[in-house]
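Have a look at the structure below before the remarks.
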Amino acid sequence: MPDRRKRVRRCLLCGLRRTNGRRKPPFRSNSRIAFIAGVPYNTTPRGGAWDSCGDSAIQIAEKIIRRRFVTNKPFTVHTSKHPTLDLADLLDRWNALKFEVDSKLDDCLQRRTADCPDRLREAMRYSLLAPGKRLRPILCLLGAEALECSPSMAINNAAALEMVHCYSLIHDDLPAMDDDDLRRGRPTCHIQFDEATAILAGDALQALAFEIILADAINPTTAAMSCLVLAKAVGAEGMVGGQMDDLQAEKKGGDATFLHAIHARKTGALIRASVVLGGIAANASSEQLEKLANYGDCVGIAFQIVDDLLDVEGSSENTGKRTGKDHERGKLTFPGIYGVQASRERAEQFVEQAISNVDAFGPAARPLKQLAHYITARSH
Ligand code: IPE
Ligand code: IPE
Ligand code: MG
Ligand code: MG
Ligand code: MG
C-alpha cells in the first residue's frame, strides 16, 4: 500500500504544493468548476490538485477560462489602412473560439435532448453542428473580451445565439421561404430529413437557446436580461419581422429605405444582439452596451451586404450554399439596388463605422475590429 500521508499534490494551474492531509481543502467540485468555466467536464484535471491553491470553484473556473481563451500571440502583421488590423491572427483565434463554441453546442445537445425523439435530435444535431462560421457566438465572446472579461463567461449566450441562428437558417431554407437545397455544404435540413422534421428541429433549437441561457446561468440577472434582448432581436420586430418583409419584397419590391430596414432586421438584429449579449455577460455599463450595439448594427448591415454580393459573385464551393438565387427569386438586395461596386463600398463604410464605435475600448477591442475588417474580406 502506498503511504498516502506523504503524497504531495501540485495544483495544475498555480503550481502550489499541498501535502495530502495538511490543509483542509476548500469547497471544490470538478463538475461545478467545469460548469462555471463552460468547459466539458472531462477536460478538467482530476486528482484533487485544484484545491491546493485554496481558491474557490469560481476562482479556479476563472483560471481555466483565462488559460483556455486568452492567447498571448502578438498581432504583428500590418496593413496600410489599419496598421494593427490584419486577419492572419484573427483566423487562429477564430478557430480556437469556434472549438470552444462547438464543444459547448455538442455538450448542450447531449445534456438537453436525451429524452426527445431520435429523429428530432438527429435533425437538430445535423444542422447545429454543421460547418458554419459561428460568427454570432464569436462576436458574443469577443464582445465580452472587449470589456476585459473572460470570453467564457459569455459561452452560454454564445451557444444560444448559434442555436437561434441555426433555427433561422433551417426555416429560411424551407420550400415556403427561400426553397434551398444546400446549406453549409450539405443538403438542407428538410432535404436530409423532411419538411415537418425541419420545422420542428428549428422550433426546438429556438426553445433550447433560451433554456441554455437560463438553465446554465452563472448570474440569473444577466441571464434574464440576455433572454429579453435575444427575444426582442429575433421576434416580430426583429429577425422574424425582417424575414416577413424579405418575402413580401419578392412580390412587391421596394426602395433603398425598405432594403436597409429588411437587412437591419433580418440579419442586423441578431448580430447586434450577439455583441450586446457578450457585453451583458461582462456586466457592461449602459454606455458600453450602446457602443457594442452600434458596432453590431454596422457589422450586421455590412455582413448582409456581403452575403448579397456573394450570391452574385461567389461560388457554391466557397459559400456552401447555392448562388445566383436572389435574382432568380426577385429578392430586394444591395447589388440589385446599388450595383456591385457601390454595394462593396457601402459595406466598407459600415465596417469603418463599426471599428470607430469600439475605439474607446482600447486594445481589448482589437479582435472585434479585426472581425469587422474580415466581414468585407470574406469569401464564404
Ligand atoms: C447566413 O449566415 C445567413 C445570413 C444571415 C446571411 P452565415 O453566413 O453566418 O451562415 P453560417 O452560420 O456561416 O452557415
Ligand atoms: C437569411 O438571409 C436571414 C436569416 C436566416 C434570418 P438570406 O436568405 O440572404 O440567407 P442565405 O443567403 O440563405 O444564407
Ligand atoms: Mg432568406
Ligand atoms: Mg436564404
Ligand atoms: Mg443570402
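Every number here is computed from the coordinates shown, using simple stated rules; none is lab data. What you are looking at is a predicted structure, and each value in this text was computed from that prediction instead of being measured. Quick reminder, even Gly has a Cβ in these numbers, built from the backbone with ideal geometry, and neighbours come from all protein chains shown.
3J(HN,Hα) along the stretch 132-147, derived from phi through the Karplus expression 6.51 cos²θ - 1.76 cosθ + 1.60 where θ = phi - 60°, amounts to x, 7, 6, 4, 5, x, 5, 4, 5, 5, 6, x, 5, 5, 4, 9 Hz, with x in place of Gly and Pro.
Measuring between their Cα centroids, the stretch 199-260 and the stretch 333-376 lie 23 Å from each other. Packing, taken as the mean count of other beta carbons within 10 Å per residue, orders the peptides 230-236, 366-372, 183-189 from highest to lowest as 366-372, 183-189, 230-236.
Quick one: dipole size for the stretch 274-361, taken about the Cα centre, charges +1 on Lys/Arg Cβ and -1 on Asp/Glu Cβ, in debye to the nearest 20.
300
Checked against a 22 Å cut-off, the cross-linked pairs Lys232/Lys252; Lys232/Lys331; Lys104/Lys369; Lys251/Lys325 give Cα-Cα distances beyond that limit for Lys232/Lys252; Lys232/Lys331; Lys104/Lys369.
Sorted largest first, the spans of the alpha carbon positions of the stretch 222-346 along the three principal axes are 44, 27, 26 Å. Report the Cα centroid-to-centroid distance between the stretch 177-195 and the stretch 146-160 in angstrom, as an integer. Going from one Cα centre to the other spans 31 Å. Whole-Hz Karplus values for the stretch 295-300 come out as 4, x, 4, 5, 5, x Hz, taken residue by residue from phi with 6.51 cos²θ - 1.76 cosθ + 1.60 and θ = phi - 60°; glycine and proline positions read x.
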